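The values are calculated or read from the model by the stated rules, or taken from the named source; none is laboratory data. Just so we're clear, the structure is a prediction, and the values are computed from it rather than from any experiment. Glycine also receives a Cβ, built like all others from the backbone with ideal geometry; neighbour counts cover every protein chain displayed. Keep in mind that these areas ignore ligands, DNA and RNA; they rest on the heavy atoms of the full protein, side chains included. Shrake-Rupley method; radii C 1.70, N 1.55, O 1.52, S 1.80 Å.
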Amino acid sequence: MDKNYEMLRRLMLATNKIDGVYYLLARHYGVNENTLAFIYALDDGRPHSQKEISEVWLIPRTTINSIVKNMLKEGYITFDGEPHTKEKAIILTEKGRAYADRLLKGIYRAEEQAMADALEKFSPEFVTALEYFSGRLREGFDEMVAGKGEER
């Protein structure tokens, strides 16, 4: 158990450092980290609903709603698809695409440099395992909150 505990602490520390770097990058570019994550989510070119971004990126719905209102006002996003559906898909406008490109260019460059240095240590299996771990961790949290798991 001590070996697993130590590995989990190292994973938590690495994750915390990664989150901290994105926080610092967001501040450097004059946005908060949730807005950065929102733009990052939309930068894949696919439409996403507020609900989806909230669930996948773990950003509270009220925060997403505030970001959407501000970005609509700025002309960075628009709604795509059926106007009367409950969950409207969000996409970047041309102005939003230009903003995302300016904002994310340096971030992507930093990511590419870090990845190039770490590529020999990463494998597709490692990434899959990390995705699996994060999913199981979320499930464990959800069970704990629902009263099914033990609290420490």
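Beyond 25 Å, what share of the Cα-Cα pairs of the stretch 36-152 remains, rounded to the nearest whole percent?
41
Express the carbon and sulfur contribution to the solvent-accessible surface of the stretch 77-128 as a percent, rounded to the nearest whole number, probe 1.4 angstrom.
57
Which helices, taking whole DSSP H runs in the chain, have alpha carbons extending 24 angstrom or more along the helix axis plus mean Kyte-Doolittle at least -0.5?
Span-like helices in the chain: 2-28, 124-145.
Given the options Ala41, Ala129, Ala100, state which has the largest fluctuation in a GNM of the chain using a 10 Å cut-off (strictly under) for Cα springs.
Largest GNM mean-square fluctuation: Ala129.
Per the helix-only calculation at 222 nm, which mean residue ellipticity applies to the chain, given -39500 (n - 2.57) for every DSSP H run of n ≥ 4 and division by its residues, nearest 500 deg cm²/dmol?
It comes out at -23500 deg cm²/dmol, rounded to the nearest 500.
What accessible area per residue, rounded to a whole number of Å², is obtained for the stretch 44-127 using a probe radius of 1.4 Å?
So the stretch 44-127 comes to 70 Å² accessible per residue, rounded to a whole number.
In percent, what relative contact order does the chain have, based on Cα pairs under 8 Å that are 6 or more apart in sequence?
Relative CO of the chain lands at 16 percent.
Can you pull out the GluC sites (Glu not before Pro) in the stretch 30-98 whose DSSP state is coil and whose Cβ has at most 16 other Cβ atoms within 10 Å?
Glu87
Classify the stretch 1-75 as rounded, prolate or oblate, taking a ≥ b ≥ c as the square roots of the eigenvalues of its Cα gyration tensor: rounded when a/c is under 1.5, otherwise prolate if a/b is larger than b/c and oblate if not.
Prolate is the answer for the stretch 1-75, as a/c is 1.5 or above and a/b outweighs b/c.
Number of Lys-Lys pairs in the chain under 28 Å by Cα, sequence gap 8 or more or different chains?
25
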